[in-house]
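Taking it in order: structure first as structure tokens, then the write-up.
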Amino acid sequence: MLNDKLQNIPQSSGCYLFKNEKEQIIYVGKSKFLPKRVKSYFQKNHEDTKTKSLVKEIVDVDFMVTNDETQALILEDELIKSYKPKYNIKSKDDKSRKWFICLTKENFPRLIVCNKTNLNGDILLTTTSSNVCYEICEKVLDIINLRTCSYDLTKENIESEKFKPCLEFHIMKCDAPCIAYELILNYKKNISFVKNIFSFDYSSLERKLNREMNQFSKIQEFEKAQMVKLKLDCLQSLMSQLEPYRVRKYNDVARTFKQQMNLVNIPTLIEAFDNSHTNGDCQVSALVRYKNGKEDKTNYRKFNINSTDKADDYQSFTEVLSRRFKRLLNEKKELPSLVIIDGGKGQLSTSKKVFEELGLLGRIDLISISKDDNHKSQTIHTVDGLSHSLPKSEMGFLLGQIQEEVHRFVISFHRKKRTKKMFN
């Protein structure tokens, strides 16, 4: 297993987690280019006693890929403090406790930073750094108007005009719910955006801000448009800062799925394949790639089918998989950790033969997903002949989403090809 994984190390920055025979994480490291760093442990005669002892214990390794070295550094620190690996010295002995970003349970909730001694409200994010918590909270409050005061904003107190708006209202960082209880519906929308941010779903907030910026631009209120632009820039910065936490959350979900399906790899890099044709005419295939649970559209690919002019799903998959993975192997490019085939056991069996011929079966996990009568993802088929219901979990939802995306992508390509043929 270890040798197979060493042949398929993600070609990017990220963290590596060495494990012993009891599947315990014994060392966590980071690198701006994982293959070079990880292979160095097994290609050198180490003089350091600690490293020699570490290498002797390693029987497995997992990877968490990141967008850059900075994110890898943050992720490494979080992993070491959480798992306290045997061979890590730095960070493991850090005596700082866990810190939480929470939403208080009030009529108008506040975003606050807590530790275990004063935990209050619903936890949105857990870290090992109070500074990170305060930085993230500050950015969220720069984007979304929430109150920071500790007033008891009951309906009775507000209607009796017990409070006056503070500086935050005058600098347009708070809508002053302390003087207008009817703002509660708008405030709840803002709270919804905050929850989306900490669920790593930024799309709805991005659309809202872009819409506001365009509206201000159309009516030539450029100062207001610029203020919204600054919020969008702040959101981009916040997304980058939260990315290591999103990656870690995804890896926890993916690791559970790996154990459930008895996979070789944690599915951090997924490629899904699907075919499309009209009674054998204009046959095409396509693949979509997901990295750490997010679309990687720069690595989407389209294929024209050349090996058959009949409606042959099996031959189409044989041709496309052969072309795709021969090229990746010849160019020594990064291989996916999981490949999904749209179809049932027949399509999976055909794909398995291709993987066996290329020597990839032990290096890349291969599954197929079949759909129900309503064309919804339903059953996972694995190369050991077993079938499993699509789990009702975050990973199950993601796999269904990936299958819908590859279907959308290949259908779009097929329609364009068919339209082009009609007018030629």
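The values are calculated or read from the model by the stated rules, or taken from the named source; none is laboratory data. The structure presented is a predicted model; accordingly, all values stated were derived computationally and were not measured. Glycine gets a Cβ as well: all are built from the backbone with ideal geometry, and neighbour counts include every protein chain shown.
Side notes on the structure shown:
- Any hit, region 106-125, residues being over 23 Å from N265 (Cα atoms), modelled with pLDDT of 85 or more and of a type in the set (G, A, S): yes
- Here D68 clears all of (1) closer than 20 Å to R363 by Cα; (2) exposed (fewer than 14 other Cβ atoms within 10 Å of the Cβ) except the condition numbered (1).
- Here S40 fulfils each of the conditions (1) closer than 21 Å to R255 by Cα; (2) among the small types (G, A, S); (3) without any contact (Cβ under 8 Å) to a residue 24 or more places away in the chain apart from (1).
- Taking the criterion of being on the phi > 0 side of the Ramachandran plot and surrounded by 21 or more Cβ atoms within 10 Å (Cβ to Cβ), the only residue of region 299-343 that qualifies is G343.
- Hey, C137 crowded, with 16+ Cβ neighbours inside 10 Å, of a type outside the set (S, T, Y) and in a loop (DSSP other than H, G, I, E, B) or not: no
- Of the residues examined, S370 is one that is over 27 Å from K5 (Cα atoms) and among the polar types (S, T, N, Q).
- Residue within region 241-264 that is in a loop (DSSP other than H, G, I, E, B) and either acidic (D, E) or touching a helix residue (DSSP H, G or I) at 6+ places or on another chain (Cβ under 9 Å) (or both) present: yes
- Members of region 222-244 that are touching a Phe, Trp or Tyr at 6+ places or on another chain (Cβ under 8 Å) and touching a residue at least 24 places away in the same chain (Cβ under 8 Å): L235, M239, L242
- Which numbered condition K81 fails, given (1) at pLDDT 90 or above; (2) surrounded by 17 or more Cβ atoms within 10 Å (Cβ to Cβ); (3) within 24 Å of the chain's Cα centre (by Cα): (1)
- Here V354 meets each of (1) surrounded by 18 or more Cβ atoms within 10 Å (Cβ to Cβ); (2) closer than 18 Å to R301 by Cβ; (3) touching a residue at least 40 places away in the same chain (Cβ under 8 Å); (4) out of contact with any strand residue (DSSP E or B) (no Cβ under 8 Å at 6 or more places or on another chain) with one exception, condition (3).
- Selection of region 15-67 for residues being small (G, A, S) and closer than 19 Å to L335 by Cβ yields only S31.
- Hits in region 412-424 - residues which are in contact (Cβ under 8 Å) with a residue 40 or more places away in the chain and either touching a helix residue (DSSP H, G or I) at 6+ places or on another chain (Cβ under 6 Å) or farther than 16 Å from F317 by Cα (or both): F413, K417, R418, K421
- Condition met for D142 (in contact (Cβ under 8 Å) with a residue 60 or more places away in the chain and either among the small types (G, A, S) or surrounded by fewer than 18 Cβ atoms within 10 Å (Cβ to Cβ) (or both)): yes
- Count of residues meeting criterion [assigned to a strand (DSSP E or B) and either more than 30 Å from the chain's Cα centre (by Cα) or of a type in the set (F, W, Y) (or both)] in region 277-303: 7
Results for (1) part of a helix (DSSP H, G or I); (2) of a type in the set (D, E); (3) within 20 Å of the chain's Cα centre (by Cα), shown as yes or no for each residue.
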{"site": "L329", "(1), (2), (3)": "yes, no, no"}
{"site": "K332", "(1), (2), (3)": "no, no, no"}
{"site": "V339", "(1), (2), (3)": "no, no, yes"}
{"site": "G346", "(1), (2), (3)": "yes, no, no"}
{"site": "S349", "(1), (2), (3)": "yes, no, no"}
{"site": "E356", "(1), (2), (3)": "yes, yes, no"}
{"site": "R363", "(1), (2), (3)": "no, no, no"}
{"site": "G385", "(1), (2), (3)": "no, no, no"}
{"site": "I402", "(1), (2), (3)": "yes, no, yes"}
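- Filter result for F397 (over 20 Å from Q259 (Cα atoms), in a helix (DSSP H, G or I) and among the aromatic types (F, W, Y)): no
- Candidate set: region 18-56, residues that are polar (S, T, N, Q) and loosely packed, with under 11 Cβ neighbours inside 10 Å; chosen: the one nearest to the chain's Cα centre (by Cα): Q43
- Evaluation of L119 against (1) hydrophobic (A, V, I, L, M, F, W, C); (2) within 30 Å of M227 (Cα to Cα); (3) exposed (fewer than 14 other Cβ atoms within 10 Å of the Cβ) (one fails), failing number: (2)
- Which numbered condition E212 fails, given (1) touching a helix residue (DSSP H, G or I) at 6+ places or on another chain (Cβ under 6 Å); (2) assigned to a loop (DSSP other than H, G, I, E, B): (2)
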